[in-house]
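What follows is a short report on a single structure.
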Amino acid sequence: MPTKPSPAQRANQITYFLKGDLKNLQVAYLRAGAKLATIRDEKLYRALGHASLEEYAEKRLGMRRAALYRYLQIYDWAKKAHPGWLAKHPKGFIPELYDAYGLKWFEDRLADEHVDAQTRKELEALRAKALSGKLTQRELDEFRHRGKKRHDTIGAVAASLRASRRRAAAVPGFPPEALRRLDEALDLLKSASGALARAVALGNPRGIRLSAIRRGTSIRIYSRKESIRKKSIDRRRRARDR
C-alpha cells in the first residue's frame, strides 16, 4: 500500500504545479499578442471576410480596439527588447501585462537622449525593480516628487535667464555673440526641462498612466478612459451601498 504523502510533501507538490500555472498566466498575453501579430502581419482577417484587424478582433474575439493594440504594442516591444520572454520555455521573471506596460514606459524614457544623468540613474534603478517585479507605487510617487522639484528648479532658472536675455537685448551695442550664447543656453534648458517633464509625467500621449490598486503593491496601468470608467463605477457602488 502506497505511503500517504506528508503535509510538507503535498505542499511542495502543489507549489511546484502552482508555479507552472502562474508562469503560464504570465506568458499568456505574450502568446496572445504573437497570434494577433500573425493575423495582422499576414492579413489573415481578410480570409474570414473582415475588412480590418479591428473588425476581426471585435467580431471574432469580442476584443475592443484599445485592448487589441495594447497586446500588439507590448508584443512588438517584447520581441525587440526582451526576446527571451517569447521562448518556448522562458526562464526567469516575466511581468504581467500591466507591469510590462510600466517597464516599457521606463525603457522608452531611458531612450530619450535629453534625460539628465540623475533622472537616468533613477529610471534605471526603477527599471531594474520593475524587471524583478518589486516596484511599488510608493517608490514611483517618490520619483515623481523628486523629478517635479528638479523640473521646477530648471524652470525657475530658465525664467531668470530669459529675463536677463531680454534686458541684454535692450542694451545698445550688446555683443551679438553673447546673445547667441544665451539663446543656446535657453535651448539646452528647454530640452532638459522637456525631458524631465516627460520622465515624471508617468504617461504617454495616449494618456496611459500608472495607478496602483493600493499603496505598496505592484503597479497596474490603466488608460485614462479606463480610469474614468473605474471611478464612475466606484462612485455608483458607494452610492448604492449607503
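Within the range 151-207, being modelled with pLDDT of 80 or more, under 29 Å from D108 (Cα atoms) and touching a Leu at 6+ places or on another chain (Cβ under 8 Å) holds for one residue alone: A185.
Criterion applied to L86, L103, L97, L72 was being over 23 Å from L135 (Cβ atoms), surrounded by 16 or more Cβ atoms within 10 Å (Cβ to Cβ), touching a residue at least 24 places away in the same chain (Cβ under 8 Å) and not polar (S, T, N, Q), and the one residue passing it is L72.
The residue list L135, L86, L97, L123 contains one member that is more than 30 Å from G20 (Cα to Cα) and touching a Leu at 6+ places or on another chain (Cβ under 9 Å), which is L123. Taking (1) touching a strand residue (DSSP E or B) at 6+ places or on another chain (Cβ under 8 Å); (2) in a loop (DSSP other than H, G, I, E, B); (3) not basic (K, R) in turn, E113 satisfies each apart from (1). Taken over the range 116-134, the criterion of being within 25 Å of Y69 (Cα to Cα) and not in a helix (DSSP H, G or I) is satisfied by G133 alone. Could you check, for the range 156-178, whether at least one of its residues is of a type outside the set (F, W, Y), touching a residue at least 40 places away in the same chain (Cβ under 8 Å) and either surrounded by 17 or more Cβ atoms within 10 Å (Cβ to Cβ) or part of a helix (DSSP H, G or I) (or both)? Checking the range 156-178: not a single residue is of a type outside the set (F, W, Y), touching a residue at least 40 places away in the same chain (Cβ under 8 Å) and either surrounded by 17 or more Cβ atoms within 10 Å (Cβ to Cβ) or part of a helix (DSSP H, G or I) (or both). Scanning the range 77-96 for residues that are under 14 Å from the mean Cα position of the chain (by Cα) and either under 15 Å from K35 (Cβ atoms) or part of a loop (DSSP other than H, G, I, E, B) (or both) yields A78, P95, E96.
Filter the range 1-11 for residues that are assigned to a helix (DSSP H, G or I) and either loosely packed, with under 10 Cβ neighbours inside 10 Å or not basic (K, R) (or both); which is nearest to the chain's Cα centre (by Cα)? Among those that are assigned to a helix (DSSP H, G or I) and either loosely packed, with under 10 Cβ neighbours inside 10 Å or not basic (K, R) (or both), it is A11.
Scanning the range 27-69 for residues that are β-branched (V, I, T) and in contact (Cβ under 8 Å) with a residue 40 or more places away in the chain turns up just one, V27. Residue check: I14 meets all listed conditions (1) exposed (fewer than 13 other Cβ atoms within 10 Å of the Cβ); (2) in contact with a His (Cβ under 7 Å, 6 or more places away or on another chain) but one, namely (2).
The values are calculated or read from the model by the stated rules, or taken from the named source; none is laboratory data. Model, not experiment: these values are computed from the prediction. When we count neighbours, we look across all protein chains shown, and the Cβ atoms used for this are built from the backbone with ideal geometry, even at glycine.
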